[in-house]
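Down below is the structure, laid out as structure tokens.
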Amino acid sequence: MIHNQTIIKERPAPSSAVGPVAWLRTNLFNGPVNTLFTLIGLYILYLLVVPTVQWAFINADWVGSTRDDCSREGACWVFINARFTQFIYGLYPRSEIWRANIVFAGFFTLIAWLAIPRLPFKRWVAVFALVGFPVIAYVLLHGGYFDLPRVSTHRWGGLMLTLLLATVGMVGALPIGIVLALGRRSNMPIVKSFCVVFIEFWRGVPLITVLFMASVMLPLFLPSEMSVDRLVRALIGLTLFQSAYMAEVIRGGLQAIPKGQEEAAAALGMTYWKRMGLIVLPQALKMMIPGIVNTFISLFKDTTLVMIIGLFDLLGIVQAALSDSRWLGFSLEGYVFAAFMFWVFCFSMSRYSQYLERKLHTGHKR
Amino acid sequence: MTTATNISDTSTSDLMVEMRGVNKWYGDFHVLRDIDLEVRRGERIVICGPSGSGKSTLIRCINHLEEHQQGDIVVGGIPLTQDVKRIEQIRRSVGMVFQHFNLFPHLTVLENCCIAPMWVQKKSRKEAEEQAMRYLERVRIAEQAKKYPGQLSGGQQQRVAIARSLCMHPDVMLFDEPTSALDPEMIKEVLDVMVELAKEGMTMLCVTHEMGFAKTVADRVIFMDQGQIIEENAPEPFFNNPQSERTQLFLSQILGH
């Protein structure tokens, strides 16, 4: 029996199922209980948002140079304004700040260049960012070459130091983490046990302990003429610590790749490193973008712990400024500012990772 | 097909694959028992048998995706040992098609076919792409070259997988149940490609339950059960006059309806 000889034409969905009104009805006001919850939720939101906006914007003081300029009830952003240079550069000498500015400009330009898909020469820019730029940045920031006065690392601070710690940590932790993850899955017993011990050691120790060890214990063991800069020690500690976490994230990704992928690559005659580098890792890393960025974000925030070994990162320098007798009582503004700065960077990373996931998605999810 | 031209070449050994007394265990489980097998250049062999009989394991031993614990395997004159370099050398001349295709999902169809020629045989991108397009045309899927495997049907993916293997100019092709994961309407398009390949003289070892395919192309059909080769014969006597009881039972089960 034949029911329909022609295929029924496509029709748009009825207006009761699409559009903003339908959305409101199905999501917020669907039944009396949900309507009640929606109204309660809106009221709580109102209670939270209105005073915050009033404090931060409407009743806030923006201009001036001393605390006497802060007369109103809201936030006193004058404090942030007055200390802004310090928050960004730490105790870097004022006369030399142009050097830090060049590094900042180069840093953000390179990141933008690598992140914006339309710009050309990605490979060469990436090589320069990993090889050339660190040398230039070091020469500029540290000085001591080409008649640039030396600025020792204990004067580095603020956002500059935070970004330095985070960037070096990320760029170092990812490759070390990859190698450790591969090593942990290796068939070679010595490689495997080394990686297991390394990962479990660093994962089992709090970062604060690592930093303490690096700054207090290490000099006791090393001969006195061999002193390693405190910042370098913190960097090494931070990188190794995060690389252990990174290794476990990447190992999760490696395990999620079907065995058939490596077999197919092997059947084509690829060596171990080609199988990993061309077939398995690209898929594993792509799959693990959320986990990797999660580790990056926690690394970014963990940089604040260098405070306890006497380095003044963004949060450290804000806290130091709070104890200035001329500016007592503005800790809320200080912490809000620090939190906002951290949020901007972490949120950018998070958004970029979501963009990457969409871009790299090739429709093979099952 | 270049490999077809040297069938009559007597200077190279006539034996493509040689297995002597091959045994393999998974723990205590004896998967392969005293396998003796010779495959001459240009020969087409179909291996069948109930599941778990060791068919897949047998062909996977040939390119060392599985390791055998006893006996000798010689592929194209090269004895298979633990030596990684030698294993890679053998794998370059042995193509393999898997039940689940195992295409690389992060690469386009064209890239799937180019990656090994470029990175293993060090061909230029241009050369590799031209060659890939030729093979993709042969399996009748060239128009999909820019797509990702996830966008293709099972039958299309399997044809791409065959093209990917052919791009390495293998001397032998191993097929590990190439149509078992396909919807019925797609089996034919893959079998057609395999039949063409067989006609061109490719040496093939094929694990399959497609008895029609075995009848048309196979020089020999091998029946395996419990890790052993039970019966080995040309297709006509194999199907019409099976010798062992086990083979008769198997054939009556798969041909009976």
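Computed from the coordinates by the stated procedures, all read-outs in this text should not be read as laboratory data. Every value quoted in this text rests on a predicted model; they were computed, and no experiment measured them. A quick note on method: Cβ atoms are made from the backbone with ideal geometry, for glycine too, and the neighbour counts reach across all protein chains shown.
Helix hunt in chain A: which complete DSSP H runs extend at least 20 Å axially by C-alpha with mean Kyte-Doolittle at least 0.0?
The answer, listed by residue number, is A:32-53, A:97-115, A:158-184, A:189-204, A:230-256, A:331-360.
Along the charge dipole of the protein assembly as shown, pointing to its positive end and built from +1/-1 on Cβ of Lys, Arg, Asp and Glu, which listed residue (A:PHE241, A:GLN255, A:LEU285) has its Cα farthest out?
A:PHE241
Relative to the longest principal Cα axis of chain B, at what angle does helix B:245-255 sit, 0 to 90 degrees, rounded to 10?
That helix lies at roughly 50 degrees to the long axis.
How much length is gained if the chain between A:ARG358 and A:VAL216 is pulled fully straight, taking 0.36 nm per residue apart and subtracting their Cα-Cα distance, in nm to one decimal?
46.6 nm
Check B:VAL17: other-chain or 5+ apart residues with amide H under 5 Å from its amide H, H built from backbone geometry?
B:VAL39, B:GLY76
What is the P(r) of the range B:44-151, as percent of Cα-Cα pairs per 5 Å bin from 0?
2, 10, 16, 19, 16, 16, 13, 6, 2, 0
For chain B, what is the percent of antiparallel DSSP beta bridges, rounded to the nearest 5?
Of all bridge pairs located within chain B, approximately 55 percent are antiparallel.
Between A:VAL78, A:VAL139, A:VAL21, where does the largest GNM mean-square fluctuation fall for chain A, given springs only between Cα atoms within less than 10 Å?
Ranking A:VAL78, A:VAL139, A:VAL21 by mean-square fluctuation puts A:VAL21 first.
If the chain between A:LEU148 and A:VAL197 were fully stretched, how many nm would it gain, using 0.36 nm times the residue separation less the Cα-Cα distance?
13.2 nm
Over the range A:258-366, what is the mean sequence separation of C-alpha contacts under 8 Å (at least six apart), divided by residue count, expressed as relative contact order in percent?
So the answer I get is 23 percent.
State the Cα centre-to-centre distance between the range A:311-344 and the range B:28-84 in whole Å.
70
Decide, for the range A:115-271, between rounded, prolate and oblate: order the square roots of the alpha carbon gyration tensor eigenvalues as a ≥ b ≥ c, take rounded if a/c falls under 1.5, and otherwise choose prolate if a/b is larger than b/c, else oblate.
Taking the square roots of the gyration eigenvalues as a ≥ b ≥ c, the range A:115-271 is oblate.
Do the sum for the protein assembly as shown: with -39,500 (n - 2.57) for every DSSP H run of n ≥ 4, divided by all residues, what is the mean residue ellipticity at 222 nm, to the nearest 500 deg cm²/dmol?
Helix contribution divided over all residues of the protein assembly as shown: -16500 deg cm²/dmol.
Counting other beta carbons within 10 Å of each residue's own, what order do B:GLU185, B:GLU200 fall into, fewest first?
Ranked by crowding around the Cβ, least crowded first: B:GLU185, B:GLU200.
For a quick check, take a GNM of chain A with Cα springs below 10 Å and name the residue from A:SER16, A:SER325, A:SER298 with the largest mean-square fluctuation.
In this elastic network of chain A, the residue with the biggest mean-square fluctuation among A:SER16, A:SER325, A:SER298 is A:SER16.
For B:PHE238, A:PHE133, what ranking results if the residue with the fewest other Cβ atoms within 10 Å of its Cβ goes first?
A:PHE133, B:PHE238
Does the range A:130-179 classify as rounded, prolate or oblate by the C-alpha gyration tensor (a ≥ b ≥ c root eigenvalues; a/c under 1.5 gives rounded; else a/b over b/c gives prolate, otherwise oblate)?
Since a/c reaches 1.5 but b/c is at least a/b, the shape of the range A:130-179 is classed as oblate.
Normalised by the number of residues in chain B, what is the relative contact order in percent for Cα pairs under 8 Å and 6+ residues apart?
Over chain B, the number comes to 26 percent.
Where both residues lie in the protein assembly as shown, what percent of DSSP beta bridges are antiparallel, nearest 5?
Of all bridge pairs located within the protein assembly as shown, approximately 50 percent are antiparallel.
Of the residues A:ALA266, A:ALA181, A:ALA22, which exhibits the maximal mean-square fluctuation in a Gaussian network model of chain A defined by a 10 Å Cα contact cut-off?
With Cα springs under 10 Å in chain A, the top fluctuation among A:ALA266, A:ALA181, A:ALA22 is at A:ALA22.
Can you pull out the cysteines in chain A that have no other Cys Cβ under 4.7 Å?
A:CYS195, A:CYS346
Counting partner chain Cβ atoms within 10 Å of every residue's Cβ in B:96-108, what's the average?
Per-residue shielding by partner chains comes out at 5.
By how many degrees, between 0 and 90 and to the nearest 10, does the Cα long axis of helix B:109-119 differ from the longest principal axis of chain B?
The answer is roughly 90 degrees.
Apply the Debye scattering formula to chain B, with a single equal point scatterer on each alpha-carbon and no solvent, then give log10 I(q)/I(0) at q = 0.10 Å⁻¹.
Those come out to -0.49, one per q.
Relative to the Cα centre, what is the charge dipole magnitude of the range B:8-140, using +1 at the beta carbon of each Lys and Arg, -1 at the beta carbon of each Asp and Glu, and rounding to the nearest 20 debye?
My answer is approximately 400 debye.
Measuring from centroid to centroid over Cα atoms, what is the spacing of the range A:79-104 and the range A:106-173 in Å?
Rounded to whole Å, the Cα centres lie 16 Å apart.
Using a ≥ b ≥ c from the Cα gyration tensor of the range B:139-193 (square roots of the eigenvalues), is it rounded, prolate or oblate, where a/c under 1.5 gives rounded and otherwise the larger of a/b and b/c decides, a/b for prolate?
Verdict is oblate for the range B:139-193.
Of B:TYR26, B:SER53, A:LEU314, which is farthest on the positive side of the dipole of the protein assembly as shown, counting Cα position, with +1 on Lys and Arg Cβ, -1 on Asp and Glu Cβ, and the Cα centre as origin?
The Cα lying farthest towards the positive end belongs to A:LEU314.
As an exercise, identify the trypsin sites (Lys or Arg not before Pro) in the range A:164-256 lying in DSSP coil whose Cβ has no more than 16 other Cβ atoms within 10 Å.
A:ARG185
Name the residues whose placed amide hydrogens come within less than 5 Å of the amide hydrogen of B:MET96, ignoring near sequence neighbours (fewer than 5 apart) on the same chain.
B:LEU174
Using every Cα-Cα pair within the range B:106-164, state what percent have a distance larger than 20 Å.
15
Within chain A, which is the longest segment containing none of the GluC sites (Glu not before Pro) that sit in a DSSP loop and have at most 14 other Cβ atoms within 10 Å?
Maximal segment without exposed cleavage sites: A:74-224.
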